[in-house]
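K.L.:
Before I ask anything, let me first share the structure, which is written out below as structure tokens.
The values are calculated or read from the model by the stated rules, or taken from the named source; none is laboratory data. What you see is a predicted model, and the numbers here were worked out from it, not measured in a lab. Using ideal geometry, Cβ is built from the backbone for each residue, glycine included, and neighbour counts are taken over all protein chains shown.
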Amino acid sequence: MTGIPPTWTWGSSTTISLSPTLGSRISAQLAQVTLPEPAVCSLYFQASAKITNPDKTSVGAFTLNLNQGIGRVTIPRQVTFAGQPSDQSPLEWTMPFVPLHALAVDVECTGDFRDSDGGEIDLSIYLLVSPITRIPMAGKMQFGMSVPGEADALDDELRTDLEDESPTTQEVMSQEADHRVHGDAGDDDGGDDPQQAPAWMLELVDALSQRLGRMPNRGELRAAVKRYRERAARRGR
């Protein structure tokens with residue numbers, strides 16, 4: 001991770017008002033920011049309300065709409081606060097560790113006026129974007145999700161690489177046969193490659209297979225190898 005220049009920190013504020021004459025619902029844009037590079041940020045939001053007649057007027061719902069852009073995708077996020085902020089209680093909210101490159105924010109507010117002479121609601125709203133970390137890039141990097149069909153192409157390319165490196169079916173079957181022979185018959189004679197059965201053992205397997213009409217099992221192969229070595233020992237004496 002690399003440091004963040006202080007100039008990347010970004011803030012915005014706005015003021016909106018509601019009243020029976022102005023309307024009980026209002027929306028406004030709060031932020032439109034693009035960072036020099038994608039970064040992980042902390043978002044701090046604050047809203048306070050000044051209500052002229054709190055007995056007859058209150059905030060119905062306050063909604064924060066965020067469009068969080070990173071690479072080729074924009075993620076919409078919506079947070080709604082019911083009955084907040086109140087006249088004596090400001091609203092504070094923090095969203096940490098948000099990856100983004102661009103950010104657009106707008107707010108919506110509805111007022112609950114129980115009387116035509118309910119007074120007015122004045123909202124002061126603040127937003128602070130504080131980058132925490134950024135990703136060091138030696139070259140240009142692409143961020144975001146793959147476009148339709150791109151993931152399929154990547155899968156096909158990966159599958160091709162894996163198939164080139166994987167053994168064939170014939171090689172796998174040959175290795176399994178060698179493992180059965182080596183694992184049950186013990187060490188070979190003559191110091192051959194440990195991955196290759198000696199010629200006499202392969203001939204013994206072929207002879208047993210022809211006689212039995214099938215591949216010999218472990219017990220049959222173990223007994224045949226024992227007889228072969230006993231005969232070889234007698235001939236040597």
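K.L.:
Can you name the strands (runs of 3 or more DSSP E) wholly within region 38-126 that have at least 1 residues being in contact (Cβ under 8 Å) with a residue 40 or more places away in the chain and in contact with a strand residue (DSSP E or B) (Cβ under 8 Å, 6 or more places away or on another chain)?
P.N.:
By residue number, 57-70, 91-113.
K.L.:
Which residue is modelled with the highest pLDDT, if the candidates are limited to region 112-149 and must be more than 29 Å from residue 12 (Cβ to Cβ) and of a type in the set (Asp, Glu)?
P.N.:
If we take residues in region 112-149 being more than 29 Å from residue 12 (Cβ to Cβ) and of a type in the set (Asp, Glu), then 115 is modelled with the highest pLDDT.
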